[in-house]
1. Please work out which residue is nearest to the chain's Cα centre (by Cα), limiting yourself to the range 80-89 and to residues that are buried (at least 17 other Cβ atoms within 10 Å of the Cβ) and free of Cβ contacts under 8 Å to residues at least 60 places away in the same chain.
2. For the range 98-124, give me each residue that is out of contact with any Gly (no Cβ under 8 Å at 6 or more places or on another chain), free of Cβ contacts under 8 Å to residues at least 40 places away in the same chain and closer than 20 Å to residue 55 by Cβ.
3. Of the residues 52, 104, which single one is over 17 Å from residue 9 (Cβ atoms), touching a Phe, Trp or Tyr at 6+ places or on another chain (Cβ under 6 Å) and surrounded by 21 or more Cβ atoms within 10 Å (Cβ to Cβ)?
4. State all residues of the range 70-83 that are under 17 Å from residue 98 (Cα atoms) and at pLDDT 95 or above; if no residue qualifies, say none.
5. Hey, residue 128 hits all of (1) without any contact (Cβ under 8 Å) to a residue 24 or more places away in the chain; (2) touching a Lys or Arg at 6+ places or on another chain (Cβ under 8 Å) but one; which does it fall short on?
6. Based on what the data block shows, is residue 70 touching a helix residue (DSSP H, G or I) at 6+ places or on another chain (Cβ under 6 Å) and more than 20 Å from residue 16 (Cβ to Cβ)?
7. Name the residues in the range 99-133 that are in contact with a helix residue (DSSP H, G or I) (Cβ under 9 Å, 6 or more places away or on another chain), among the β-branched types (Val, Ile, Thr) and closer than 13 Å to residue 70 by Cβ, would you?
8. Going through the range 16-43 one residue at a time, which ones are assigned to a loop (DSSP other than H, G, I, E, B), at pLDDT 95 or above and more than 10 Å from the ligand (Cβ to nearest atom)?
Amino acid sequence: MDASLRSFVVERSGGHCEYCQIPQRFFTELFQIEHIVARQHRGMTIESNLAIACSRCNLHKGPNLAGIDPLSEGLVRLFNPRIDIWSEHFRQELSGEIVGKSAIGPTTAYVLDMNEPRRVGLRAEIIVLGEHA
Ligand SMILES: [Zn+2]
């Protein structure tokens, strides 16, 4: 990936994970550039298929494109930061928990393990600091 594409994707993210919204500035390790549609599914290394993800979101998402909706138990595609608006699918509670607002929201939150207790705790601390993105 060339440096200009990398810079564009990083700047477009606004400095936070495009899945769980945790700001980069609270981490020493750089967030990763993630293929929304993984290369193994013929996803290309182009602006419209790339997103910034924290290491935990990236690790849990892996090559997944969909998951099982915890409510309906139907197959639901995952949140796509390039075509979906975060606030239409998720909201963040003051507790730091991320709650789904659509079938895509809770399915993505589950697959990416967004509500792992340490992550919820970190988001709660960030909220207290008034610095959440
Ligand atoms: Zn994340």
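The values are calculated or read from the model by the stated rules, or taken from the named source; none is laboratory data. Everything numeric in this text was worked out from a predicted model, so none of it was measured. Note that each Cβ is placed from the backbone with ideal geometry, even for glycine, and that neighbours are counted across all protein chains shown.
1. 80
2. 115, 117, 118 - these are the residues of the range 98-124 that are out of contact with any Gly (no Cβ under 8 Å at 6 or more places or on another chain), free of Cβ contacts under 8 Å to residues at least 40 places away in the same chain and closer than 20 Å to residue 55 by Cβ.
3. On inspection, the qualifying residue turns out to be 104.
4. Once the filter is applied, which keeps residues that are under 17 Å from residue 98 (Cα atoms) and at pLDDT 95 or above, the range 70-83 yields 78, 79, 80, 81.
5. Condition not satisfied by residue 128: (2).
6. yes
7. 99, 104, 108, 111
8. Scanning the range 16-43 gives 36, 37, 38, 42, 43.
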